[in-house]
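The values are calculated or read from the model by the stated rules, or taken from the named source; none is laboratory data. These numbers were taken from a predicted model, which means no experiment stands behind them. FYI the Cβ positions are ideal-geometry reconstructions off the backbone, even for glycines, and counts take in every protein chain you see.
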Amino acid sequence: MSKRVLLIAPYFPPKRRVGSIRPFRFVTYLKDFGWSPAIICLNEPHEQLTDQESEILKDIPIFEIEIPVKEVRDLDKKKRTNSFSLTNFVDNRFPLDTWLPVFFKDMKKIVEFGKQFQPDVVWSTSDPWSSNYIGKRIKEELDIPWVADFRDPWTLCNVRYEKRGWPGTFFDPRFEKSVMNYADFITFTAKATETKYENHYPEITRKTETIYNSFDQQFFTKNSAHKELALSDNTLNILFLGKFRSLSTAEDILQVLANIKRRNNIDSDKISVYSMADLQGKDLIKAKELEIISSFKVTERVPNENVIALMNNFDLLLLSTQPERDDIIPAKLYEYLIAEPPIFSLAPNDEVGEIVKSTGRGIHFRKNEREEAAEFLESMYKSEKSGKNIFADNSINDKEIKEFSAKNSTSKLVNIFENLINND
């Protein structure tokens, strides 16, 4: 008889958020290991499942939490100004996050759905951090093991948490500590995050594990209508798969390009950095000050299945984030692993460098190596334009790359489930 797991994943397809990818990839392969999933997620009325997603989810029970109004961020658009955002003001003070009242509203229905499904284990992924509130309630009501999954650090993240105000700063650490104490197991997406939490909460040391994010090759098409892009043959074309934002700034690549401009070995305009949106805020101001704004360009967003085809147009794939976020691994790394262009990593977490090195998929520069990164781009430009390849094809380690497949990551999660129910 198949074992059952109830997944609390507020962000789940067709909701197109980074947080929806991790739980969906687990759901895709759980049945291969003898586990039947059910999902509790937020309703998404504005997006639709792809045919492939629909096929995978067709026999899986899903409880969609109805959102009584359109997302708060949409409602706030008319109130938003350059200096003040009502949404941000509320978000930065509300305990856990502003989804919590929505979950409160449907808690009886959520618990009833759980009881009808009769799971052996409950798994909740955050953020949103309020998903752990549901996980805790399900554990209490059904008396089953609970696995709490942290995609990012919560109160221990200086970058994300530094702007928090009261009463969030009062309640959040207390609830996070209750999660650490009450969860039967805790998973993280980076060893650096796991270590940080073990140091802060020594009592969890024997019940934690890092399960990296993953790629699922079956969802990508290497050839598509987006294969042909009008990229210049006279520049080194770099893709940042996403858009630069406050939690993933352009600060590092700006510094590298500034170094190239100062060194004057090649024209800085010979390096083009593409992303999914124009530079904004501090990044835009800095690029203008450094007189390198012309190096930044925008490429169109493509359907998820065409992402590999898009990436394969470029010479390099840029991996970076906010420079102080040295405890996370950018999720785009895993798509980068199965593309053709080498990875150009400026990510501050040295764990990223270990993965890039072990897979043979590119090159990683530490935080104090921005000058060396500039020198590398100069060499890369000259070699690309002379028809040479400074990356040896035989350096790619397919065996190591497969370690980050969705099926392999799911097997590690299943091992945790099995141990919990066997030791219960």
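Applying the selection to the range 196-212, what residues are charged (D, E, K, R) and either touching a strand residue (DSSP E or B) at 6+ places or on another chain (Cβ under 7 Å) or in contact (Cβ under 8 Å) with a residue 60 or more places away in the chain (or both)? Within the range 196-212, 196, 198, 207, 209 qualify. Quick check on this structure: which one of 177, 139 is buried (at least 19 other Cβ atoms within 10 Å of the Cβ), of a type in the set (Lys, Arg) and over 22 Å from the mean Cα position of the chain (by Cα)? The match here is 139. Of all residues in the range 247-297, those satisfying the criterion of being under 27 Å from the mean Cα position of the chain (by Cα) and under 15 Å from residue 371 (Cα atoms) are 251, 252, 253, 254, 255, 256, 257.
For the range 270-303, taking the residues that are surrounded by fewer than 16 Cβ atoms within 10 Å (Cβ to Cβ) and of a type in the set (S, T, N, Q), the one that is nearest to residue 361 (Cα to Cα) is identified as 294. Being under 19 Å from residue 245 (Cβ atoms), in a loop (DSSP other than H, G, I, E, B) and of a type outside the set (Phe, Trp, Tyr), is that true of even one residue in the range 304-312? Scanning the range 304-312, I find no residue that is under 19 Å from residue 245 (Cβ atoms), in a loop (DSSP other than H, G, I, E, B) and of a type outside the set (Phe, Trp, Tyr), so the answer is no. Looking across the range 2-26, just one residue is part of a loop (DSSP other than H, G, I, E, B), in contact with a Pro (Cβ under 7 Å, 6 or more places away or on another chain) and over 15 Å from residue 122 (Cα atoms), and that is 12. Considering only residues in the range 144-162 that are in a loop (DSSP other than H, G, I, E, B) and within 21 Å of the chain's Cα centre (by Cα), the one that is farthest from residue 3 (Cα to Cα) turns out to be 162.
Here residue 274 meets each of (1) at pLDDT 95 or above; (2) assigned to a helix (DSSP H, G or I) with one exception, condition (2).
Checked against (1) in the same structural domain as residue 22 (by TED's automatic domain parsing); (2) free of Cβ contacts under 8 Å to residues at least 12 places away in the same chain; (3) surrounded by 15 or more Cβ atoms within 10 Å (Cβ to Cβ), residue 357 passes all but condition (1).
If you go through the range 275-294 one residue at a time, how many are in contact (Cβ under 8 Å) with a residue 24 or more places away in the chain and farther than 20 Å from residue 322 by Cβ? Steps first, answer last, please.
Applying the first criterion (in contact (Cβ under 8 Å) with a residue 24 or more places away in the chain) to the range 275-294 yields 275-277, 279-283, 286-287, 290-292, 294.
Checking the rest, the ones that are also farther than 20 Å from residue 322 by Cβ come to 291, 294.
Total satisfying the criteria: 2.
Mind telling me which of the residues 333, 420 ends up being farther than 22 Å from residue 216 by Cβ, modelled with pLDDT of 95 or more, touching a strand residue (DSSP E or B) at 6+ places or on another chain (Cβ under 7 Å) and assigned to a helix (DSSP H, G or I)?
Working: 333 fails: farther than 22 Å from residue 216 by Cβ.
After applying the criteria, what remains is 420.
Of these, 115, 58, 105, 77, which one is of a type in the set (Lys, Arg), in the same structural domain as residue 10 (by TED's automatic domain parsing), more than 24 Å from the chain's Cα centre (by Cα) and at pLDDT 95 or above? Give the derivation first.
Details: 58 fails: at pLDDT 95 or above; 105 fails: at pLDDT 95 or above; 77 fails: at pLDDT 95 or above.
Matching residue, one of 115, 58, 105, 77: 115.
Just one of (1) assigned to a strand (DSSP E or B); (2) crowded, with 21+ Cβ neighbours inside 10 Å; (3) assigned by TED's automatic domain parsing to the domain that holds residue 419 fails for residue 209. It is (2). If you go through the range 27-51 and pick out every residue that is under 20 Å from residue 97 (Cα atoms) and part of a loop (DSSP other than H, G, I, E, B), you end up with 2.
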